[in-house]
Amino acid sequence: MNMKTLLSALLLGGALMIVAAPAARADAMADAKATVDKYASKVTKWDGPTSGPKIAKDKTIVVLAGDMKNGGILGVVSGIEEAAKAAGWTVRTIDGAGSISGRTAAVGQGIALNPDGIVVAGFDAVEQQAGLEQAKNAKIPIVAWHTAPEVGPVPAAGVFANVTTDPMQVAKAAADWAYVDAKGKPGVVIFTDSTYAVAIAKADAMKAEIQKLGGTVVEYVDTPIAETSTRMPQLTTSLLQRHGDAWTHSLAINDLYFDFMGPSLAAAGIAGDGKPVNVAAGDGSESAYQRIRSGQYQAVTVAEPLKLQGWQLVDELNRAFAGQPWSSYVSPLHIVTKANIEFDGGPSNAFDPENGYRDAYKTIWGVK
């Protein structure tokens, strides 16, 4: 190849790269917008189970709640209580109060009650494996909510079924919304809690998605979700000082991180709808809905159908009692914004799909 030909090839290659870069960015934006549109739409069709065992009679179940101050856990427990009432079951809830020692005590108390079944709500089964092993040995069926990164059975922890939306899809939805909102140039701070395997999995997935799309992760913050009330005010101020305008969006694994950011942002002269724009990858708490509706320091929550998941937990326990496999149902997620907050349960400050799930489960169980 002579020099003239080589130069022409190099120039052509450079031109193709210049053309390809905007095309790649356009494709990334189109894909992200498609994800956002998919999960921001109404949920009107029941896509869960339509058959299963009739309801077992006169069961007593214990709910081991990781922390009843957590809006996600609170919503799930409310759904369990609602479903159990329809089933004719008795529910006892024990609050782990947001600490490892509290959860350990709750597990011990729950097993001592010798219930027919146990629901682990909002903490890592591996953390409490020693206690839950006792329940497994006592042949007490265990179902769980957010106890592991995977959906469905967790045999190593003795969990018949772990009920959750797909954490990776939740993470992608949150990251894609931030990317679209930032017009392809987000500068993101990610908040997570390494106490929970599912939290790290979601945070890592958000980081990977932002970087894949071409955005920037300006900081990855590991801080305990149980200590947000004391840590977030000063942490918010420190992050503003370090990153300034480079911090355009926050991505948190739970709404609770944003419960305590507002005063620090306001003190820095940032309006409720200013930057950083706060986006939660779960769970759709009441306070998150209120912030989104009023435009005060949170723009999005990727909500889970907490009450529906409570009904599913009761259904999964019933399948365990009957010796049947779990239902294989993965519940839908929902991107909640100010634009769509008034449907699918929004007026009640919760994602409660208008898809007839209560009647569907009652039909399966043979109750009215």
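The values are calculated or read from the model by the stated rules, or taken from the named source; none is laboratory data. None of these values were measured; they are calculated from a predicted model. So basically every Cβ, Gly included, is an ideal-geometry build from the backbone, and we count neighbours across all protein chains shown. Note: areas computed on protein heavy atoms with side chains; ligands, DNA, RNA excluded. Shrake-Rupley method; radii C 1.70, N 1.55, O 1.52, S 1.80 Å.
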Exercise for review: Kindly provide the helix-only [θ] at 222 nm of the chain, computed as the sum of -39,500 (n - 2.57) over DSSP H runs of four or more divided by all residues, to the nearest 500 deg cm²/dmol?
Suggested key: -14500 deg cm²/dmol
Practice item. Sum up the charges of everything whose Cβ sits under 9 Å from the Cβ of Ala161, counting Lys and Arg as +1 and Asp and Glu as -1, but leave Ala161 out. Key: 0
**Study point:** Ranked order, His334, His243 - accessible area, probe 1.4 Å, largest first
**Key:** His243, His334
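Per the 1.4 Å probe, what fraction of the accessible area of the chain, in percent, lies on carbon and sulfur atoms?
On the way: 8710 of 15590 Å².
Answer for the chain: carbon and sulfur cover 56 percent of the accessible area.
Cross-link list Lys54/Lys202; Lys183/Lys207; Lys185/Lys307: which exceed 28 angstrom alpha carbon to alpha carbon?
Values: Lys54/Lys202 36 Å; Lys183/Lys207 17 Å; Lys185/Lys307 36 Å.
Distance filter (> 28 Å) returns Lys54/Lys202; Lys185/Lys307.
Could you give the accessible area per residue of region 58-203, probe 1.4 Å, as a whole number in Å²?
It amounts to 35 Å² per residue over region 58-203.
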Exercise for review: May I ask for the angle, rounded to the nearest 10°, between helix 167-181 and the longest principal axis of the chain, with both axes built from Cα atoms and the value confined to 0 to 90°?
Suggested key: 40 degrees
Practice item. Could you please put Lys59, Lys207 in sequence from largest to smallest accessible area, using a 1.4 Å probe? Key: Lys207, Lys59
Review point. Hey, can you rank 310-317, 128-135 by average C-beta count inside 10 Å, highest first?
Key: 310-317, 128-135
**Study point:** For the chain, alpha-carbon Rg and Dmax in angstrom
**Key:** 22.8, 88
Revision key, fill the gap. Protection proxy (average C-beta count within 10 Å per residue), highest first, orders 292-301, 215-224 as 292-301, 215-224
